[in-house]
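Below is one structure, written out as C-alpha cells; the observations come after it.
No lab work stands behind these numbers, since they all come straight from the coordinates. As the structure is a prediction and not an experimental result, all values here were calculated from the model. Note that we place each Cβ from the backbone using ideal geometry, even for glycine, and neighbour counts take in every protein chain shown.
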Amino acid sequence: MGIFRRRSFLSQKEQTAKSKIKYLFLLPFNFLLFTSSANALPGQSTDEVVAWINANPTLRPGIGDGLQVRKNDTARVRFNFDATILPPGQLTLPRDNNTIRTETFSFFDTINGVTPGRLKEALRIIYGLDIYQDYDRAKLVYVYPSPQTIDLARRENRILLEAQQGELRLGDRYAYWMEVTQAQKGKAFNGQMTIFLREDLDKLETQLRGR
C-alpha cells in the first residue's frame, strides 16, 4: 500500500511497526496479534490525546490534524479517527473545551467490507487489551434495529432505517457504540466504533431510539 512505503534503511523496530499497520488494512482482523497500550482516552485533556495519537504506531503514519487522522489507501478503502470534546450523537455545546469526551474510528471499505468483528479487533489493536476487555465484558444496553423497526422501515420504504445496525454497551470504564451500515446487497461497506464517557450514554440511547 503506497501510503505505508518507507526507505529501506528504517530500523527493524520501525519496519515491524509498519508491517503491523499494513495488516490493519489488508488482513482479516481475527489473524492479528498485535495490541497497543491506550494512554489517552475520553476524560483526558486534548493535549494528552494529541500526544497519544502522534505516538500510537497504528495512527501516527496517517495524515493528522491534531485530533483527527485520515488514511486513504484508495478511493475504495479509507480509515478515519476522530477525538472530540463533544458527546456522541446530535450536536450539543461542549461542557469543557479542554476535555475529550468521545473518540471514534471508522472504516469505509468496498473491497473487503466492514464487519462487527473487524471493528472489535481494530479496537483491540488501537487501544490495547484492557479497553478491549472492558468492551467485551460490557453490558449490552441497546441493539438496533428491532423487529418492529425493520417492519416499519419496509412498510415505509425507509432503507437507511433498516440498513443501520448497531449496539450500545456500558463497560466499567467507558461506554461503547458500534454501528455498521448494510448496502443493498447485504454487505456493509461502512462501520464505526465510538468510545465515550459513561455519563453520556443516556443521551445517545435516547437519540438512537428516537430515529
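Among the trypsin sites (Lys or Arg not before Pro) in segment 116-185, which ones are in a DSSP loop with at most 12 other Cβ atoms within 10 Å of the Cβ? Mind listing them?
On the way: sites: Arg118, Lys120, Arg124, Arg137, Lys139, Arg154, Arg155, Arg158, Arg169, Arg173, Lys185; in loops: Arg137, Arg158, Arg173, Lys185.
Counting only loop positions with at most 12 other Cβ atoms within 10 Å, the trypsin sites (Lys or Arg not before Pro) in segment 116-185 are Arg137, Lys185.
Across segment 145-158, in residue order, what do the Karplus-derived ³J(HN,Hα) couplings come to in whole Hz, using 6.51 cos²θ - 1.76 cosθ + 1.60 with θ = phi - 60° and x for Gly and Pro?
x, 7, x, 5, 5, 4, 4, 4, 4, 6, 5, 9, 6, 9
What's the center-to-center distance, using Cα atoms, between segment 50-104 and segment 144-211 in Å?
The distance from the Cα centre of segment 50-104 to that of segment 144-211 comes to 20 Å.
Among Gln192, Leu204, Ala163, flag the residue with its Cα farthest along the positive direction of the charge dipole of segment 159-211, charges on Cβ as +1 for Lys/Arg and -1 for Asp/Glu.
Ala163
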